[in-house]
Amino acid sequence: KKPNLLLLHLIDLDDTKHRYGTNSPEVHETVMRMDQRLGQIVNAVEEAGIGEDTVFIVIGDHGQINVNYRVHLNNLLEEQNLINGNMWRAYFQTTGGAAYLHIKPGDQEAEKTALAVLEKAIKMDEYGIESFFTRNELDGLHVDQSVKYMVEAKEGYCFVDSLSDRMIDDLGKLGISYATHGFSPDKESYKCNVVVSGKKIKNEYELSNMEMIDLAPTMAKILGIHFNCDGKSLDEIFDV
C-alpha cells in the first residue's frame, strides 16, 4: 500500500558532526551517502508510479557549531549540595548550546541559591555563558513551560549534563574535534536548509526565512488537512 505520508529521519550527519566537527572528511562522506539514500527514495517513488503526485520536503532540524570547550555547569550546583547523587533540588538540563535550569517545585531556597550561583557564573568568562533568559523571554522561543530559566553558550563553548572532576574540558588539549547544537536559531552560521519539490511547488524559487513551526501547517495544506497549530503555511512556495 502506498502511504499518503512518509517520514524518514536520516541521523548519520548529526552523529558524524558530533564526533568529528562540521568540516571533516567524515562529514563530506556522510553527506554523499545521505544524498545517495535520498536518490534511492526518489527513484522508488518514480518506479511506484506516484512521482507526479508526490511532494518531497528535505530539511535539517538544526545546524551545528564547532566548539572548543565543554562546561560542566552541574558541578556548580553540586558544590552547593543542590545535587547529591541521584537526588536533586536544582539541576541543569543541557542541550549543547544552552542549558535549562530546573528547580524542584516549591523549593524557594534552592531557587534562590541556584540563581545566585548562576549570577556569579555569568560574570566568569571561562564558563562561556553569553545570555540568560527568564520565562517571559522563553515563551518567544517556544521553550516548554516547565522551564523557568535558561542560559546560552557563547561562541566556542557548550554545556554538558555530566558531573566531572574538571569544570571545563579543553577539547583542543584532549585532541577532540566536536560540534553541537541547541543554540538560539539567531546564531550566525547556524541556519539549516529546506528544499521542497514536487506537485504544485514553484521551480527554482528562493524561500525567505521561515521558522520550524511553519512546517506542520505547510505539510497539512499539501495533504488537504486543516487543524489549528503554531506557525503558518508557506503559501509562497505553491504554484497555484
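Just so you know, all these numbers are worked out from the coordinates, no wet-lab data involved. Predicted model only: the values in this text are computed from it and were never measured. Cβ sites come from the backbone with ideal geometry, for glycine too, and all protein chains shown count toward neighbours.
Values as computed for the structure displayed
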{"item": "Cβ-placed point charges (K, R +1; D, E -1), dipole of the chain about Cα centre in debye, nearest 20", "result": "380 debye"}
{"item": "Radius 13 Å from Cβ of Tyr157, net charge of other residues (Lys, Arg +1; Asp, Glu -1)", "result": "-4"}
{"item": "Axial C-alpha extent at least 15 Å, average Kyte-Doolittle at least 0.0 - helices from the chain (DSSP)", "result": "108-122"}
{"item": "Relative contact order of the chain, defined on C-alpha pairs under 8 angstrom at six or more residues apart (%)", "result": "27 percent"}
{"item": "Which of Glu155, Glu46 has the fewest Cβ neighbours within 10 Å, and the rest in rising order", "result": "Glu46, Glu155"}
{"item": "Dimensions in Å of the stretch 158-240 - Rg and Dmax from alpha carbons", "result": "19.7, 61"}
{"item": "Farthest toward positive dipole pole in the chain [+1 Lys/Arg, -1 Asp/Glu at C-beta], among Ile11, Leu82, Pro185", "result": "Leu82"}
{"item": "Radius of gyration, Dmax [the stretch 39-96; alpha carbons; angstrom]", "result": "23.4, 64"}
{"item": "Positive-end residue of Pro105, Gln93, Ala121, charge dipole of the stretch 66-180 with Cβ unit charges", "result": "Pro105"}
{"item": "Net charge over other residues, Cβ less than 15 angstrom from the Cβ of Gln80 (K, R count +1; D, E count -1)", "result": "-2"}
{"item": "Highest average packing first - 126-133, 101-108, 178-185, Cβ atoms within 10 Å", "result": "178-185, 126-133, 101-108"}
{"item": "Segment Ser189-Arg19, extension gain: residue separation times 0.36 nm, minus the distance between their alpha carbons", "result": "59.3 nm"}
{"item": "Student exercise, the stretch 1-63 dipole from Lys, Arg, Asp, Glu Cβ charges, in Debye to nearest 20", "result": "140 debye"}
{"item": "Candidates Phe227, Phe159, Phe92, ranked by Gaussian network fluctuation over the chain, Cα under 10 Å, top entry", "result": "Phe227"}
{"item": "Value of Rg/Rh across the stretch 66-180 [Cα atoms, Kirkwood radius]", "result": "0.96"}
{"item": "Check: the stretch 159-229 dipole with +1 on Lys, Arg Cβ and -1 on Asp, Glu Cβ, in debye", "result": "460 debye"}
{"item": "30 Å Cα-Cα threshold exceeded, pairs from Lys148/Lys221; Lys154/Lys202; Lys104/Lys221; Lys2/Lys202; Lys17/Lys112", "result": "Lys148/Lys221; Lys154/Lys202; Lys104/Lys221; Lys17/Lys112"}
{"item": "Relative contact order of the stretch 66-180, pairs being alpha-carbon contacts under 8 Å that are 6 or more residues apart, as %", "result": "43 percent"}
{"item": "Kirkwood hydrodynamic radius of the chain, Cα pairs, Å", "result": "20.7 Å"}
{"item": "Mean-position separation - Cα centroids, the stretch 57-136 and the stretch 163-240, in angstrom", "result": "24 Å"}
{"item": "222 nm mean residue ellipticity, helices alone, for the chain (DSSP H n ≥ 4; -39,500 (n - 2.57); rounded to 500)", "result": "-8500 deg cm²/dmol"}
{"item": "Charge context of Val196, other residues only, Cβ under 14 angstrom, K/R +1, D/E -1", "result": "-2"}
{"item": "Cα-based Rg / Dmax (Å) for the stretch 1-84", "result": "20.1, 64"}
